[in-house]
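For reference, the structure discussed in these notes is given below.
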Amino acid sequence: MDNLIDITDVDLVEVVKAVYDLSKPRGLGFLHFDPTPLSDEEAKRHINMNSRYPIDMDYVRGRACKFYVIRKDDRLFIRKSWECHTLEDTKELLRRIRKI
């Protein structure tokens, strides 16, 4: 579990919105790129609390989000490394969702 970060107590809608905001178009994603932020309602569509992966985002409106949340028992985790993103992106995500 050294490579996991516990995010159990954060607002998952805010997680989805921050992930989307911090993600850029890659490859043919430029064809579908939409610069507008996700609304709360759109973000909620990417959350499934009945899944082992309550958030599982690949490409969203052309942006390479490549992000998922893992459920282990009653806790939620993300990986320290985030595909198609830098360590600084991960730090910024945590800053945004934890309101640090």
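Observations
- Scanning region 50-76 for residues that are more than 13 Å from D21 (Cα to Cα) and under 11 Å from the mean Cα position of the chain (by Cα) returns P54, I55, D56, D58, Y68, V69.
- Taken over region 72-86, the residue count meeting the criterion of being surrounded by 12 or more Cβ atoms within 10 Å (Cβ to Cβ), at pLDDT 95 or above and part of a loop (DSSP other than H, G, I, E, B) is 2.
- Output for region 14-71, where each listed residue is surrounded by fewer than 19 Cβ atoms within 10 Å (Cβ to Cβ) and part of a helix (DSSP H, G or I): E14, D21, G27, L28, G29, F30, L31, D40, E41, E42, K44
- Here D2 qualifies as free of Cβ contacts under 8 Å to residues at least 12 places away in the same chain and not in a helix (DSSP H, G or I).
- Among the residues of region 18-31, the ones that are more than 11 Å from A64 (Cβ to Cβ) and either at pLDDT below 95 or of a type in the set (G, A, S) (or both) come to 2 in all.
The values are calculated or read from the model by the stated rules, or taken from the named source; none is laboratory data. Here the structure is a predicted model, which means the values were calculated and not measured. Virtual Cβ from ideal backbone geometry, glycine too; neighbours counted across all protein chains shown.
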